[in-house]
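Below is one structure, written out as structure tokens, with a few remarks after it.
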Amino acid sequence: MIAGTQARGATPRLHVVTGKGGTGKTTLAVALALSLADEGRRVLVCEVEGRQGVSRLLGTEALPYEEVDLAEGAGGGQVVGLAVEPRAALVDYLDTFHGGVLGGRGGRASTVLDRAGAVEFIADVAPGLRDVLLVGKVYEAVRRTTTGRSDGGTPVYDAVVLDAPPTGRITRFLGIGDELAQLAAGGPIAARAASVAALLRSEQTAVHLVCLPEELPVTETLEAAAELRAADLPLGSVVVNRVLSAAAGDDDGGTPASVRAALLRGLGSARDGAQDGAQPGQDDVEALVTDLLTQNRVRAGRVGEQRRWLEAARAAGRPVRELPDLPGGVDLDGLYRLADDLAATPLPTPGDVPTSAGGVA
Amino acid sequence: MSTAWDVDALLDDPSVEVIVCAGSGGVGKTTTAAAIALRAAERGRRVAVLTVDPARRLAQALGTDGTPGDAADDAAEAGAEAGADEGDAPGPDEPRGVPGVDTRRGGSLDALVLDARRTLDGLVDAALPPARAAQVKANPVYVSLATSFSGTQEYMAMERLGQLRAGRDTAAGWDLVVVDTPPSRSALDFLDAPTRLASFLDGRFARLLMAPVRFAGSARTSTGLRAAGGRVVGALAGGVAAVMDRVLGGRLLRDVQALVEGLDEVFGGFRERAEVTSAALRDGRTAFVVVTAPEAEPLAEAVFLTERLRSAQLRPAAVVVNRAARAATGLDAATARQAAEALRTGTTGGAARGGKTSAAAEKAARVLDLQVELLERVERERRLVAERLADSGAPTALVPALDGDVADLDGLRAVGDALGRNR
């Protein structure tokens, strides 16, 4: 438990969730959105990679390029989903800001560019631009207010959770301003990138890094943390996913011989109770007990290995938050379990300082 | 449930020249590729394995962890003449023999790590005179393209595959190339990348950009589009140039135009090779192995990928499900639960009788709890895999989780053995 998590600093409105592929980025993003909705907030969860991870996880229809209600929170909040798609985001952007660029003579800017194949070029190929379009849409959702103006009214969303690209690409993805300042110097897209960058670097944003307690994910997380920090992007927490519960260890008491004897006793009594089928021979039971003890030792070894990588993850200089491994997998029950966990102990944000080792729930 | 995969039949088939391991990130694709390559080499094939971003200990096992770049940096820092060491040892992106491979059956194993930037630089250097190559490489759009364009790694993996296949007639004499694919936004990027590069260079828009330059040789100057002035607007009819200018800023357009022009020559040769490679991917010489994990999302990705492969007339040889849970055999969950319960309540008879549970009994009960948990995992995964892969039509192989990280050749052999035992 981290003391004063909610008291200190501003509460971020944009949670960016990144991590190495396969570590549970989408799972965390959705669980986080559900936990915020349980506090009565209206939350938008965005995906930007065309993977449809959110709908797969929730077992809903594929998300379109429009905001759809996904779930209701216990506290009256709501989770809304959006799959941002670069082509649609470009047309959206052009129509909003450059609709009249041709003075009415040549039709809509987006139509003109689409006919020339330029929309495809910009959205799919031109490096960096794709990213500014994707993040630009998220930026718009964060800033959108009930009055439609940025300087008045209340925000439409209390929080936005972005299921972002993996750690390998995240700094480039979020650091769009710098690259575009070079590439598209002076153009309005560069100006747009600058406002997006300002939001991303403000205290309204928290970038959370998800990893597993294993070599590659932790190494990538440390690299990404260093890159993000160098790019002035505000780091939230390091979330270590799928942490196994501890196995019975050697120091839990009982000599190996006494534990073996207890197992034989326990198995014997359970089998006496079951009256069906032939009783296995004594050799078979001995072999089974050996297998069970080996299996337990292997698990204890894995747990120990996980602890070492968890410690290593602290080198990121951010609070480390553990999420339990779910033996039943991440089905809806599992998701709500993680959401409850996150609601009980909210994720550390950039305003929180890392506590000493072992001080985090 | 689909049939079990016979990996050795595939590895021993001399007509199979390329094995591509594809799948979403974090499922052990690189390990699977390395294990397949090692098994093939030790069964007598002459193998090159192209890995992408291997874990450090796996890279060490393959002998691809050295970074000559670092050595050169150190030398420069020490005040030695920069570049003195260049060209001595091959870099990690050049094939190197893997130490410790059993070559008694006449096989061999070389390994390399993909370095997309160096591969692309190499293509540019080979195709253009030094001055123009330097110009292309200094173009801001090139730098961005080389490092962040979502297809560059995939292209360069394809290009490298083509180069390795060409190595079959050389001294190295590889007769099998095993390719690990980049961790992509989606597992399909490897297949889609060539189309995307084509759309970059051959698309309507790139052609429009090139048009004024081709009409007017004099416009082929460093000032690019601006020098071509009116002609550009003429070519980009309907005010496209004006819109692009207003929205993107003129400089980007100039840079892109200069780059498209510069790369056109570079990729002329690439396109030919890519076509040859692409054709080879489509006939019986190439087998695709889809790698996945026993969880909902990777399995969904695997099914999607096998379907995509089929619709592209490519052959999914197998789906490998990595990191499958396992549990001790001969003890079902109900009995284990009962035994743990008996130990905890002290109803087992013998020493623990009398109420207070001994430390040994509690520990034994936890050992049994673990068996229950593992059986639940095995059961859930089996159901999930059967349900998801039922209609995949590809043979499957379940690789149980090993007792630790795969960090040496023995670990890779164990994975290979698990694949071989699958039948």
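Annotation for the range B:61-84: at least one member residue is modelled with pLDDT of 80 or more and within 14 Å of another protein chain (Cβ to nearest Cβ).
Taking the stated definitions as given, is A:Ala248 touching a residue at least 12 places away in the same chain (Cβ under 8 Å), within 13 Å of chain B (Cβ to nearest Cβ) and either under 20 Å from A:Ser35 (Cβ atoms) or outside any helix (DSSP H, G or I) (or both)? Spelling it out, A:Ala248 is indeed touching a residue at least 12 places away in the same chain (Cβ under 8 Å), within 13 Å of chain B (Cβ to nearest Cβ) and either under 20 Å from A:Ser35 (Cβ atoms) or outside any helix (DSSP H, G or I) (or both). Note on the range A:23-45: residues that are within 11 Å of the chain's Cα centre (by Cα) and not aliphatic (A, V, I, L, M) total 5.
Of the residues making up the range B:285-307, those that are out of contact with any Asp or Glu (no Cβ under 9 Å at 6 or more places or on another chain) and more than 23 Å from B:Ala34 (Cβ to Cβ) number 4.
Applying the criterion of being within 11 Å of chain A (Cβ to nearest Cβ) and charged (D, E, K, R) to the residues of the range B:41-57, the residue that is surrounded by the fewest Cβ atoms within 10 Å (Cβ to Cβ) is B:Arg56. Selection of the range B:280-317 for residues being among the aromatic types (Phe, Trp, Tyr) and farther than 26 Å from B:Gln163 by Cβ yields only B:Phe304. Once the range A:40-60 is narrowed to residues that are at pLDDT 90 or above, on the phi < 0 side of the Ramachandran plot and not in a helix (DSSP H, G or I), the residue that is surrounded by the fewest Cβ atoms within 10 Å (Cβ to Cβ) is A:Arg42.
Give the residue that is farthest from A:Val196 (Cα to Cα), with candidates limited to residues of the range A:216-240 that are out of contact with any helix residue (DSSP H, G or I) (no Cβ under 7 Å at 6 or more places or on another chain) and within 13 Å of chain B (Cβ to nearest Cβ). So the residue we want is A:Leu216.
Per this entry, A:Leu216 is not counted among residues that are touching a residue at least 60 places away in the same chain (Cβ under 8 Å), in the same structural domain as A:Ala159 (by TED's automatic domain parsing) and either farther than 18 Å from A:Lys25 by Cβ or not in a helix (DSSP H, G or I) (or both).
When A:Glu72 is tested against (1) of a type outside the set (A, V, I, L, M, F, W, C); (2) modelled with pLDDT of 80 or more; (3) under 29 Å from A:Ala225 (Cα atoms), only condition (3) is not met. When the residues of the range A:276-299 are filtered to those that are more than 8 Å from chain B (Cβ to nearest Cβ) and surrounded by 18 or more Cβ atoms within 10 Å (Cβ to Cβ), the one that is farthest from B:Lys363 (Cα to Cα) is A:Val285.
Yes/no per residue for (1) at pLDDT 60 or above; (2) surrounded by fewer than 21 Cβ atoms within 10 Å (Cβ to Cβ); (3) touching a Cys at 6+ places or on another chain (Cβ under 9 Å):
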| position | (1), (2), (3) |
| --- | --- |
| B:Pro140 | yes, yes, no |
| B:Gly167 | yes, yes, no |
| B:Trp174 | yes, no, no |
| B:Val178 | yes, no, yes |
| B:Pro182 | yes, no, no |
| B:Ser186 | no, yes, no |
| B:Phe190 | yes, no, no |
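Of everything in the range B:1-30, what is among the acidic types (Asp, Glu) and touching a residue at least 60 places away in the same chain (Cβ under 8 Å)? Give them in sequence order. It would help to see each step written out before you state the result.
Going through the range B:1-30, the residues among the acidic types (Asp, Glu) turn out to be B:6, B:8, B:12-13, B:17.
Of everything in the range B:1-30, those that are among the acidic types (Asp, Glu) and touching a residue at least 60 places away in the same chain (Cβ under 8 Å) turn out to be B:Asp6, B:Asp8, B:Glu17.
Among A:Gly317, A:Gly334, which is the only one that is more than 30 Å from A:Pro256 (Cα to Cα) and either at the interface with another protein chain (Cβ under 9 Å from one of its Cβ atoms) or more than 17 Å from the chain's Cα centre (by Cα) (or both)? Write out each step before concluding.
On the way: A:Gly334 fails: either at the interface with another protein chain (Cβ under 9 Å from one of its Cβ atoms) or more than 17 Å from the chain's Cα centre (by Cα) (or both).
Among A:Gly317, A:Gly334, only A:Gly317 is more than 30 Å from A:Pro256 (Cα to Cα) and either at the interface with another protein chain (Cβ under 9 Å from one of its Cβ atoms) or more than 17 Å from the chain's Cα centre (by Cα) (or both).
Scanning the range B:406-419 for residues that are of a type outside the set (A, V, I, L, M, F, W, C) and surrounded by fewer than 20 Cβ atoms within 10 Å (Cβ to Cβ) gives B:Asp408, B:Asp410, B:Arg413, B:Asp417.
Answer with yes or no whether B:Ala340 is in the same structural domain as B:Ser392 (by TED's automatic domain parsing) and touching a helix residue (DSSP H, G or I) at 6+ places or on another chain (Cβ under 9 Å). Criteria not met by B:Ala340.
Which of the residues spanning the range B:127-138 are in contact (Cβ under 8 Å) with a residue 60 or more places away in the chain and surrounded by fewer than 19 Cβ atoms within 10 Å (Cβ to Cβ)? Across the range B:127-138, the qualifying residues are B:Leu128, B:Arg132, B:Gln135.
Residues that are farther than 22 Å from A:Ala206 by Cβ and outside any helix (DSSP H, G or I) within the range A:325-351 comprise A:Asp325, A:Leu326, A:Pro327, A:Gly328, A:Gly329, A:Val330, A:Asp331, listed in sequence order. Being within 13 Å of chain B (Cβ to nearest Cβ), at negative phi, modelled with pLDDT under 90 and touching a Lys or Arg at 6+ places or on another chain (Cβ under 7 Å) is a description that applies to A:Ala123.
Residues of the range B:1-54 that are under 17 Å from B:Thr181 (Cβ atoms) and in a helix (DSSP H, G or I): B:Lys29, B:Thr30, B:Thr31, B:Thr32, B:Ala33, B:Ala34, B:Ala35, B:Ile36, B:Ala37.
The values are calculated or read from the model by the stated rules, or taken from the named source; none is laboratory data. Small disclaimer: the values here were computed from a predicted structure and weren't measured. Because the Cβ atoms are built from the backbone with ideal geometry, glycine has one as well, and the counts that use them run over all protein chains shown.
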